[in-house]
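Working notes, structure below.
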Amino acid sequence: MRLVLCILATLILYSCSDEGQAVQFKCKHTGTQDIIYDMDITPDGTLTAVGGYVWSRGLSLTGKVTSDTIIADSFSNKGVFCLLRNRNRELMTVGTDGYLFVKQDNGISWQFHRLSNWDILHNILETNNGYLASGGKSYEHGYIYLLNPDKQIDTAMYFEYEISDIKKTASGRFIAAGWGNVRLSDDGGITWKTLPVKGDFFASCHFDDKNHGWIVGYNGTLLHSADGGNTWFEPDADISANGTNSFRKITGFGKNELMITGNNGRLWRSVDAGKSWTTYKLPTHEDIYDVEKYSGIYYISGSGGLLAGVSL
């Protein structure tokens, strides 16, 4: 049934935003109903995506982004949740029970690394001396691991609540966001200062440059910083989430374009550096976890094996 709906969606120009904007939506066949969490697209249009189910399956999808069929391959018995392309052009992903996988550029197979701490990892980020991996379980506990270049834990730091995402600013600072907490590090992730920001389960952060950053929360919170992450405030821009669990990820494309993904097929887009936003409701009820842009097309991934191209 889902494949039939996707095929129908490729045949129509669907007027689907709250403002009546026309959106062309073209689904791809992935052969899975699992969540596709994160994507990477190379300059030649090769797409790699990862996902799965937390406790029983990790998926990898690879193919040309322009293809109508990109079939998922189960390569792990636990879910994986993010993609990092490091300075060596390797792809890295982390997931449940301390799983860490590495794949060479244009490689076929993933090399498995098992971290000594068997915890759920949501994110991995490269530093000058290795990597930062973060994770947790909502309101139970959170952690940030400093990994050496051999991808082993040098230092493990524990926090009261989950750390969902970490981003690096152009000045070398790190911002971490999670369940009701935002943290700042000025020393490569060795120590973290808790900022006076509360009120949401913060899901994702993004920095445009060394000063201007953004954080989104699952309950529809949008925060902005203009001083490199020292202080955060709700901007005056008119952007409204619909119900709970609305904002999932914020991504930047170039100098002024920002996009937020959300539940139930919703996207929010700004082309003026966050001053104003347009809301789009796509012809799908799936939750959107990631968005990438290639040759003017937005490629989205999400729940129910969703992978699609969107023209706005």
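Of note:
- The residue pairs whose first member lies in segment 114-131 and is among the hydroxyl-bearing types (Ser, Thr, Tyr), whose second member is buried (at least 21 other Cβ atoms within 10 Å of the Cβ) and not in a strand (DSSP E or B), and whose beta carbons are closer than 7 Å, counting only pairs six or more residues apart or on different chains, are THR127/GLY189.
- The residues of segment 172-192 that are basic (Lys, Arg) and farther than 13 Å from ILE144 by Cα amount to a single one, ARG173.
- For ASP73, the conditions (1) at pLDDT 95 or above; (2) acidic (Asp, Glu); (3) more than 25 Å from ARG269 (Cα to Cα) all hold with the exception of (1).
- If you go through segment 190-231 and keep only what is touching a Pro at 6+ places or on another chain (Cβ under 7 Å) and surrounded by fewer than 20 Cβ atoms within 10 Å (Cβ to Cβ), you end up with just HIS224.
- Search result, residues across segment 54-84 that are touching a residue at least 24 places away in the same chain (Cβ under 8 Å) and surrounded by fewer than 17 Cβ atoms within 10 Å (Cβ to Cβ): VAL54, TRP55, SER67, ASP68, THR69, ILE71
- Here GLU234 meets the list (1) at pLDDT below 95; (2) buried (at least 19 other Cβ atoms within 10 Å of the Cβ); (3) out of contact with any Phe, Trp or Tyr (no Cβ under 8 Å at 6 or more places or on another chain) almost entirely, failing just condition (2).
- The strands (runs of 3 or more DSSP E) found wholly in segment 109-223 and carrying at least 3 residues that are in the same structural domain as TYR99 (by TED's automatic domain parsing) and within 20 Å of the chain's Cα centre (by Cα) occupy 121-126, 131-136, 142-147, 163-168, 174-178, 181-185, 202-207, 213-217.
- Number of the condition not met by SER134 [criteria: (1) in contact with a His (Cβ under 7 Å, 6 or more places away or on another chain); (2) over 19 Å from GLY178 (Cβ atoms)]: (2)
- Taking the criterion of being of a type in the set (Asp, Glu) and either touching a residue at least 24 places away in the same chain (Cβ under 8 Å) or closer than 19 Å to TYR99 by Cβ (or both), the residues of segment 141-189 that qualify are ASP150, ASP154, GLU162, ASP165.
- Condition met for SER301 (modelled with pLDDT of 95 or more and under 15 Å from the mean Cα position of the chain (by Cα)): yes
- Meets criteria (among the small types (Gly, Ala, Ser) and within 25 Å of CYS205 (Cα to Cα)) for SER116: no
- Elements of type strands (runs of 3 or more DSSP E) in segment 253-312, at least 2 residues being of a type in the set (A, V, I, L, M) and crowded, with 20+ Cβ neighbours inside 10 Å: 257-262, 288-294, 307-311
The values are calculated or read from the model by the stated rules, or taken from the named source; none is laboratory data. Remember, it's a predicted structure, so these values are computed and weren't measured experimentally. We place every Cβ from the backbone using ideal geometry, glycine too, and count neighbours over all the protein chains shown.
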